[in-house]
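Heads up: the structure comes next, in structure tokens.
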Amino acid sequence: MSQPSVILATAGYDHTIKFWEAKSGRCYRTLQFPDSQVNRLEITPDKRFLAAAGNPHIRLFDVNSNTPQPVLSYDSHVNNVMAVGFQCDGNWMYSGSEDGTIKIWDLRAATCQREYVSRAAVNTVVLHPNQTELISGDQNGNIRVWDLTANSCSCELVPEVATAVRSLTVMWDGSMVVAANNRGTCYVWRLLKGTQTMTYFEPLHKLQAHDGYILKCLLSPEFCDPNRYLATASSDHTVKVWNVDGFTLERVLTGHQRWVWDCVFSVDGAYLITASSDNTAKLWSMSTGEAIKTYLGHNKAVLCCALHDGAESSPS
């Protein structure tokens, strides 16, 4: 099976993972995920594998084969896995779960190498571009930085007491982090490097982005520069796109009929893919704010989407 240059996948409550031709909207492969709904999808940097996070398992599928079974399974979480991602050369995977833990996995051996305890359900985990710090957000409103070199929590902050942090995103150059919460607020910090490896947060902005929940916040990728955007997906059925320079509203993406759970930028920031409870995913033009393709095929809510349209980053 030849590898498509653009890998686009969606999943959710119908227990399936679907792969799509981004331009035509045709679904060319459907995988079954019988255990549970799929909460999160992530594609490995080399485009070879897709991780699907469910309840409580993470399954790794081969992108380039027709094999319906997962290649590997990661099994030590005991509740919904809400976050999954990869180190830049694909050697290890991280995950965060409603069981209150953040785990680091050896990708090939499928073994848990480390575990950090957050003491509350973990909703979101991101890897700092320096590849040595994980940042987590939990249901109690805590944000924690986990220093992988020191193997400890190096920083804790609570932007709004008892308000769940739903999503975190870090600028590609490590200069900024945004946390989105259940009250529709985004907290923005500058990230300053201390004398040690730990990251210091300097408050930069508080953005009241939506009246409903923010389910996903995402900063634009490197090749979008010099334009820098923040996308916020919400229970109010919209995605808003903000210019990071002043946090002015650039676009409101309207067209979904229900909650928008997830979004992902194309590698150049020219397009955005969104996933919604209206059973669809959509492709949006960032320049016009128009939906240019709707991906139809799921028969229940679509909770997550993954896109890899850049060059494969080979292990160094």
Additional length obtainable on full extension of the chain from Asp106 to Val6, 0.36 nm per residue less Cα span: 33.4 nm
Towards the positive end of the charge dipole of the chain, with charges on Cβ (+1 Lys, Arg; -1 Asp, Glu), say which of Thr30, Tyr94, Val84 has the farthest Cα. Thr30
Karplus (6.51, -1.76, 1.60) ³J(HN,Hα), θ = phi - 60°, over the range 152-162, in Hz, Gly and Pro reported as x: 8, 7, 9, 7, 9, 8, 10, x, 8, 4, 6
Provide the packing ranking of 25-34, 239-248, i.e. peptides ordered by the mean count of other C-beta atoms within 10 Å per residue, highest first. 239-248, 25-34
Global form of the range 66-147, assessed from the alpha-carbon gyration tensor, a/c cut-off 1.5: oblate
Based on the mean of other Cβ atoms within 10 Å per residue, sort peptides 97-107, 10-20 so the most packed one is first. 10-20, 97-107
From the residues Gly184, Gln113, Thr124, which one has its Cα farthest along the dipole of the range 99-191 in the positive direction, the dipole being from +1 and -1 charges on Cβ of Lys/Arg and Asp/Glu about the Cα centre? Gly184
Would you pull out the residues with amide H under 5 Å of Asp262's amide H, same chain only if 5 or more places away, H placed 1.01 Å from N? Ala275
Under 8 Å for C-alpha pairs, at least 6 residues apart: give me the relative contact order for the chain, rounded to a whole percent. 14
Cα-centre dipole for the range 92-203 with unit charges at Cβ (Lys and Arg positive, Asp and Glu negative), debye to 20: 80
Amide H partners (placed H, <5 Å) of Tyr229, local residues excluded: Ser220, Val244
Tell me the carbon and sulfur percent of the accessible area for the range 89-128, rounded to whole percent, probe radius 1.4 Å. 43
Leading residue at positive end of dipole, the range 14-170 (Cβ point charges), from Gly54, Cys155, Pro68: Pro68
Give a residue-ordered list of calculated ³J(HN,Hα) values for the range 99-105 (Karplus: 6.51 cos²θ - 1.76 cosθ + 1.60, θ = phi - 60°; whole Hz; x for Gly, Pro). 6, x, 10, 10, 10, 10, 10
Extension length gain for Asp211 and Leu249 (0.36 nm per residue less Cα distance), in nm, is 12.2 nm
How would you classify the chain from its alpha-carbon gyration tensor, with a ≥ b ≥ c the square roots of the eigenvalues: rounded for a/c under 1.5, else prolate if a/b is greater than b/c, otherwise oblate? rounded
Name the shape class, rounded, prolate or oblate, that the alpha-carbon gyration tensor gives for the range 249-316, where a ≥ b ≥ c are the square roots of its eigenvalues, rounded holds for a/c under 1.5, and otherwise prolate holds if a/b is larger than b/c and oblate otherwise. oblate
Any chance you could check the Cα centroid distance between the range 243-303 and the range 79-132 for me, in angstrom? 26
Given Cβ point charges of +1 (Lys, Arg) and -1 (Asp, Glu) and nothing else, what value in debye, to the nearest 20, does the dipole of the range 22-159 about its Cα centre take? 540
Tell me, what HN-Hα J-couplings in whole Hz come from the Karplus equation 6.51 cos²θ - 1.76 cosθ + 1.60 at θ = phi - 60° for each residue of the range 273-278, using x for Gly and Pro? 9, 10, 10, 9, 5, 7
So how strong a dipole does the chain carry about its Cα centre when Lys and Arg Cβ are +1 and Asp and Glu Cβ are -1, to the nearest 20 debye? 480
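The values are calculated or read from the model by the stated rules, or taken from the named source; none is laboratory data. These numbers come from a predicted model, not from an experiment. Note that each Cβ is placed from the backbone with ideal geometry, even for glycine, and that neighbours are counted across all protein chains shown. All accessible areas refer to the heavy atoms of the entire protein, side chains included, with ligands and DNA or RNA removed. Shrake-Rupley method; radii C 1.70, N 1.55, O 1.52, S 1.80 Å.
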